[in-house]
1. Per residue, how many Å² of accessible area does the stretch 84-128 show with a 1.4 Å probe?
2. Need one number: nm distance between label points at L20 and S147, each 7 Å from Cα along Cα→Cβ, rounded to one decimal.
3. Could you check how many percent of all C-alpha pairs in the stretch 107-168 are farther apart than 20 Å?
4. So, in nm, how far is label T74 from label R49 when the simple model puts each one 7 Å beyond its Cα toward the Cβ?
5. Of the heavy-atom accessible surface of the stretch 126-177 (probe 1.4 angstrom), what whole percent is carbon and sulfur?
6. If you wrap a convex hull around the C-alpha atoms of the stretch 79-119 and split its volume per residue, what is the figure in Å³?
Amino acid sequence: MAELFGEFGMIEVAILVGALLMTAILVGIVFVVSDGRHRHEQRRLENTRNRAMGTGIIEESGEQASAVRRDKETGLDVLVKRFLPKPDQLRIRLRRTGRDISVGKFGVSILVIGMVVGLGCWGIFGFQLALSILIGVGIGIWLPHMSIGFMISRRQEKFTTRFPEGLDAVSYTHLTL
C-alpha cells in the first residue's frame with residue numbers, strides 16, 4: 001500500500017481526496033443552483049409575447065422591482081471587489097453572459113478552481129509547493145475568464161441567429177393587431 005501512495009501517508013491522501021470531493025460537490029451545487037437558463041428564456045419569451053399583445057405592463061413593473069433587488073451587493077461581492085482591479089468592468093462582462101453570476105460567485109470560482117488545481121498538482125503529481133501554487137493561481141484565473149468569454153460568445157451567436165425570427169414575430173404580431 002505504501003508503494004501506491006509514494007511518500008504521502010494515508011492521512012494526507014485522505015485529506016486531499018476529501019478536499020477534492022468537497023470542492024467538486026460545491027462546484028456542482030453552484031451549477032445546479034445557477035442553471036435556471038431554460039426558465040429564464042421561457043420567461044423572456046412570455047414577457048415579449050405579452051408586451052407585443054399589450055398585456056405585459058403589470059408583470060413588467062414587478063420584474064423591474066426584482067431586478068433592482070438583485071443588483072444589491074452581497075458581503076461576498078464587497079469582499080471580492082477589494083482584490084479586483086476593475087470590478088465594474090467585470091460586472092458588465094458577467095452580465096453579458098445572460099446568467100445570474102455575481103462578482104462574488106466569480107471570485108469564489110477562481111478561488112475554488114485555483115485550490116483544486118494547486119492541491120492536485122502538489123498532492124497527485126508531486127510538484128513542488130511553489131510551482132503548484134503558481135499553476136493553481138494561473139489556471140484559477142484563466143479557466144473562469146475563458147468560460148465567461150465562451151458564454152458571452154455563445155449568447156451573442158444565439159442572439160444573431162434568433163434576431164431575425166424575433167423581428168418576424170414582432171412584425172407579424174403588429175400586423176395582426
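The values are calculated or read from the model by the stated rules, or taken from the named source; none is laboratory data. Just so it is clear, the structure is predicted and the values come from calculations on it, not from any experiment. Backbone-built Cβ (ideal geometry, glycine too); neighbour counts: all protein chains shown. Ligands, DNA and RNA are excluded from the accessible area calculation, which covers all protein heavy atoms including side chains. Shrake-Rupley method; radii C 1.70, N 1.55, O 1.52, S 1.80 Å.
1. Heavy-atom SASA per residue in the stretch 84-128 reads 59 Å².
2. My value for the distance between the label points is 1.8 nm.
3. Value for the stretch 107-168 (Cα pairs over 20 Å): 46 percent.
4. For T74 paired with R49, the spin-label model returns 3.2 nm.
5. 72
6. Considering the Cα atoms of the stretch 79-119, their hull volume per residue is 73 Å³.
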